[in-house]
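Note sheet for the following structure.
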Amino acid sequence: MVALSQNSSFRTPHSALINTSVVALLQRTFPPQSIQTRTRTLQRGDRAEPLDLVEWLEAQGYEPEAQVTQKGDIALRGGILDIYPMTSPWPVRLEFFGDELESLRHFDPFTQVSRDQINSVTLPPAGSLACSSKRGVRNAECGMKT
């Protein structure tokens, strides 16, 4: 659903065909306007308190773990926040100095070794994880009947 939202860089104009599985089709998710308000883009130099960012990510359905290994995981260790966005092929390591975002890098989820440096990262909600969690997501926002 994130890729189909209006502001997605993955969206192609006038898409007529969607290929999906039955399981994916049956998952609860947010309507497009809710996806837009629950998506955040961070760039090098941005100011954000890491603990506040973790709290926001948890509200979007990301799960805190000791180590990031799969999509939807987050891990905070001091001034380093690892996030595996749902739409990214690689997890991202954010390095903070205080509340300033100094560095963004992709990293290998198995070796935990940093890869290439990037300028920004888009953090969409964790899809059905956010809808199934109890973290302040209202049933109406996920297309569920109350």
#### Entry: Whole-Hz couplings from phi, Karplus 6.51/-1.76/1.60, listed for segment 78-90; x for Gly and Pro
x, x, 10, 10, 9, 9, 10, x, 5, 9, 9, x, 10
### Task
Express in % the proportion of alpha carbon pairs of segment 45-103 at distances exceeding 16 Å.
38 percent
### Task
Could you go through segment 107-112 in sequence order and give the Karplus-derived ³J(HN,Hα) for each residue, using 6.51 cos²θ - 1.76 cosθ + 1.60 with θ = phi - 60°, rounded to whole Hz, and x for Gly and Pro?
8, 7, x, 8, 8, 6
### Message
Based only on Cα atoms, what mean projected area does the convex hull of segment 20-60 have, in nm²?
### Response
4.3 nm²
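Given 0.36 nm per residue, what is the gain on full extension from Asp99 to Gln70 after removing their alpha carbon distance, in nm? Display every interim value, and only then the final one.
Details: separation 29, 0.36 × 29 = 10.44 nm, distance 2.58 nm.
The span from Asp99 to Gln70 would gain 7.9 nm if fully extended.
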### Residues whose placed amide H lies under 5 Å from that of Tyr62, excluding near-sequence neighbours
Ala126
#### Entry: Hz values of 3J(HN,Hα) by residue in segment 31-45 - Karplus curve (6.51, -1.76, 1.60), Gly and Pro given as x
x, x, 5, 6, 4, 4, 6, 9, 9, 9, 10, 10, 10, 4, x
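Every number here is computed from the coordinates shown, using simple stated rules; none is lab data. Note that the structure is a prediction, hence the values are computed from the model and not measured.
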